[in-house]
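Visitor: Here it is, the structure in full.
The values are calculated or read from the model by the stated rules, or taken from the named source; none is laboratory data. Everything numeric in this text was worked out from a predicted model, so none of it was measured. For neighbour counting, all protein chains shown are included, and Cβ atoms are generated from backbone atoms with ideal geometry for every residue, glycine included. What goes into the accessible areas is simple: the full protein's heavy atoms, side chains included, and nothing from ligands, DNA or RNA. Shrake-Rupley method; radii C 1.70, N 1.55, O 1.52, S 1.80 Å.
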Amino acid sequence: MRTWIVAGNWKMNNTIAEAVALANAIKDGTASIKKGEVILAPPFTSLQSVSQTIKGSRVALAAQTMFYEDRGAFTGEVSPVMLKDIGCTHVLIGHSERRKYFHEKDADVNLKVKKALAAGLKPIMCVGETDEEREKNVTRAVVGRQVKEGLRGVDKIDNVVIAYEPVWAIGTGKVATPAQAQDVHAFIRAILREIYQDAAAGIRLLYGGSVTADNISELIAMEDIDGALVGGASLKADGFLGIIKNIAKQK
Ligand code: 13P
């Protein structure tokens with residue numbers, strides 16, 4: 001049985017004071033929910049304060065990206081060792097905004113996934129097609145390539161989480177239908193089964209893209225959707241807690 005995950009990707013939002021207030025509200029609002037995993041991914045500047053805020057609670061901490069070396073002359077970058085040190089258990093890798101604005105390629109994603117695992121962090125590897133790619137009917141080719149290339153050389157899949165985030169659904173209010181999302185999730189699980197056999201059944205696959213408390217229930221009802229990676233709706237405690245509660249009710 002796969003336990004659900006709800007992760008909030010705050011992206012480039014929140015001052016330290018705002019981050020602490022939001023993290024406190026999520027900590028308090030989830031204290032009575034016994035199952036599942038709740039993860040917050042603040043910007044680097046708030047990791048330390050959020051880490052202290054959620055200490056001893058059921059909320060876990062993720063970074064939004066990392067570099068694939070432990071230390072050295074890489075101005076502006078942050079290493080997995082530093083993320084562990086600050087209290088992160090997870091790290092987002094290859095988010096579509098990293099791919100689009102910072103030119104991360106599948107090969108970079110692969111190096112980062114392997115490095116995160118080696119450092120004892122759980123990577124949440126993000127994949128997803130653009131609007132144009134969906135229209136050209138190459139969704140499976142694109143997502144299949146991202147999954148296979150991202151996991152190249154990864155022998156043990158247990159600590160990897162995969163987030164399917166169709167780029168056309170991110171921040172647009174245009175959520176994938178449950179059938180569209182399930183179709184790609186099942187496709188991803190089939191690829192994992194080819195590579196990792198039985199272990200594929202235990203891997204959590206998250207959907208991301210305009211998730212709200214109103215649309216999550218029908219998405220989470222799908223067999224291969226094990227949780228959500230939430231952007232905009234994770235910036236308000238009520239909205240994010242609503243998503244968590246609706247998932248906890250069903251899974
Ligand atoms: P939205 O929920 O704002 O569409 O963002 C999704 C996302 O990119 C989460 O990583």
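Visitor: What nm value, rounded to one decimal, do you get for the distance between His103 and Thr45 when each label is placed 7 Å out toward the C-beta?
Guide: Inter-label distance under the simple model: 2.6 nm.
Visitor: Sticking with this structure for a sec: Which percent of the accessible area of the chain is formed by carbon and sulfur heavy atoms (probe 1.4 angstrom)?
Guide: Details: 6020 of 11380 Å².
Answer for the chain: carbon and sulfur cover 53 percent of the accessible area.
Visitor: Okay, next question. Using a 7 Å offset from Cα along Cα-Cβ at Asp183, what residues in the stretch 214-251 end up with backbone N under 19 Å from the label point?
Guide: Zone members listed by number: 218-226.
Visitor: Let me ask something else. How big is D, in µm² s⁻¹, for the stretch 26-99 by Stokes-Einstein at 10 °C and 1.306 mPa s if Rh is the Kirkwood radius over C-alpha pairs? Write out the running numbers ahead of the final one.
Guide: Numbers: Rh = 13.3 Å.
After rounding, the answer is 120 µm²/s.
Visitor: When the distances between all Cα atoms of the chain are binned every 5 Å from zero, what whole-number percent does each bin get?
Guide: Going out from 0 Å in 5 Å bins, the chain shows 1, 7, 15, 19, 21, 18, 12, 6, 1, 0 percent.
Visitor: Next up: Enter the accessible area per residue of the stretch 144-197 (Å², integer; probe 1.4 Å; all protein chains in place).
Guide: Values: 2390 Å² over 54 residues.
That works out to 44 Å² for each residue.
Visitor: How long are the three semi-axes of the equivalent ellipsoid of the stretch 144-201, in whole Å, if each is the root of 5 times an eigenvalue of the C-alpha gyration tensor, listed from largest down?
Guide: Values: eigenvalues 114, 31, 16 Å².
Listed largest to smallest, the semi-axes of the stretch 144-201 are 24, 12, 9 Å.
Visitor: If you stretched the chain out fully between Ala221 and Lys35, how much longer would it get, using 0.36 nm times the residue separation minus the C-alpha to C-alpha distance? Don't skip to the answer; put the middle values down first.
Guide: Numbers: separation 186, 0.36 × 186 = 66.96 nm, distance 1.65 nm.
Net length gain for the segment: 65.3 nm.
Visitor: Hey, another quick one. For the stretch 87-227, count the residues as N, evaluate 2.2 N^0.38 Å, and divide the Cα radius of gyration by that value, please.
Guide: Working: Rg = 14.2 Å, N = 141, 2.2 N^0.38 = 14.4 Å.
Here the answer is 0.98, to two decimals.
Visitor: Shifting gears a bit: Over the stretch 70-111, what lengths in whole Å, largest first, do the semi-axes of the equivalent ellipsoid take, defined as the square roots of 5 times the eigenvalues of the alpha-carbon gyration tensor? Could the numbers behind the result be given before it?
Guide: Details: eigenvalues 77, 36, 17 Å².
They are 20, 13, 9 Å, listed largest first.
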